[in-house]
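Taking it in order: structure first as structure tokens, then the write-up.
Throughout, read-outs are computed from the coordinates displayed, never taken from laboratory work. All of these numbers come straight from a predicted model, not from anything done at the bench. Virtual Cβ from ideal backbone geometry, glycine too; neighbours counted across all protein chains shown.
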């Protein structure tokens, strides 16, 4: 947000909006490609390649600084790097943890909410001290710490077992002439295209699309609506901060709730969508005061933080750990589509005589519709019986 404000001082707003759309489209669209790389190679390699894109393209802006270059580097290349970095951490959790998977998930996903909270003050301090080009250089230096994180993503015994079994099956099928095309066989079995025919997973992906649409609309319209309701611009900006703070707690609580012998992730996801939907539909009724707006943002951040945490548990529950990377990448891609089309839908609504209240009601209806799709997927749900037998002992036996 701070970077956007600085760019707005020198550039056209529509171009800045296009830069943000390119960055998010690259980030979410590359989630599917990141899952493919996780299947073909390894989580470590995928993560480090993503770091090369994000760190290098951000640091280069210190040398060559103009808007068109920003659209390519920070908008597309850095966004693509973040897309490659998004999938491996969630997949690694599925392979390394079983009994304490919920705790591990809570720690990992809470970092995103905490980053939303501290990013604004840190970026503003960097811009004040070094200017925008210098801030880009420091951001590139900060992101270089991802090298250490990536090298720690060592292969687990379970992951090696899955890949060895797949290779053995491929060799047997080739010898018995079940596959005449080695490349197509590898694509089919490594990328797990069969998950697209899994009805429960596809309904899960549709609900993920449905709630990402209103999520993007809310983040876009919330501050403007708060100002129209009488709040100051400073207080309206605080609402986004409140969402980030409460999101941290929502992610931690949700992660702890869906661990071994924990709550059913499907029903928990249904509850989150239903509660957020009701909160959003009723928001215009109590949005007249800043106190009411604060209550909404805290509750919205708490429960929406839980929704963003559910990707890993839902994929583990519906398709199992062996197809986890493909499932997460597919959901990231579908969710990115929803996030991109949300603001245009809201814009069309407002341009055709609608109000902000109408857009919030639309958001609530979409959240409730996502809850309905979550409930429907139970009709085709098959509980996975795959047991993970590895633990942190893998780290002790791994090489540096």
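Based on the Cα coordinates of the stretch 192-380, what is the per residue volume of their convex hull in Å³?
108
As an exercise, find the ratio Rg/Rh for the stretch 210-256 from alpha-carbon atoms, using the Kirkwood inverse-distance average for Rh. It would help to have the intermediate numbers written out before the result.
Details: Rg = 12.7 Å, Rh = 11.8 Å.
In the stretch 210-256, Rg relative to Rh is 1.07.
Sorted from fewest to most neighbouring beta carbons within 10 Å, what does the list 308, 87 look like? Walk me through the numbers on the way to the answer.
Details: 308 20, 87 31.
Ranking 308, 87 by Cβ neighbours within 10 Å, fewest first, gives 308, 87.
Just to be sure I understand: if I project the alpha-carbon convex hull of the stretch 279-347 onto a plane and average over all orientations, what area do I get in nm²?
Answer in nm², one decimal: 5.9.
With label points built 7 Å along Cα→Cβ from the Cα atoms of residue 142 and residue 220, find their separation and express it in nm.
2.7
Going 7 Å from the Cα of residue 282 along its beta-carbon direction, which residues of the stretch 200-233 have the amide nitrogen within less than 12 Å of the resulting point?
Answer for the stretch 200-233: none.
Within the stretch 259-292, name every residue whose backbone N is under 20 Å away from a label modeled 7 Å from Cα of residue 358 along the Cβ vector.
The answer is 280-287.
For a test of the definition: using alpha carbon positions, the gyration tensor, and the 1.5 limit on a/c, classify the stretch 231-299 as rounded, prolate or oblate.
It is oblate, given that a/c is not under 1.5 and a/b is not larger than b/c.
Using a/c under 1.5 as the rounded threshold, could you call the stretch 69-114 rounded, prolate or oblate? The axes a ≥ b ≥ c are square roots of the C-alpha gyration tensor eigenvalues, and prolate needs a/b larger than b/c, oblate otherwise.
Oblate, because a/c is 1.5 or more while a/b does not exceed b/c.
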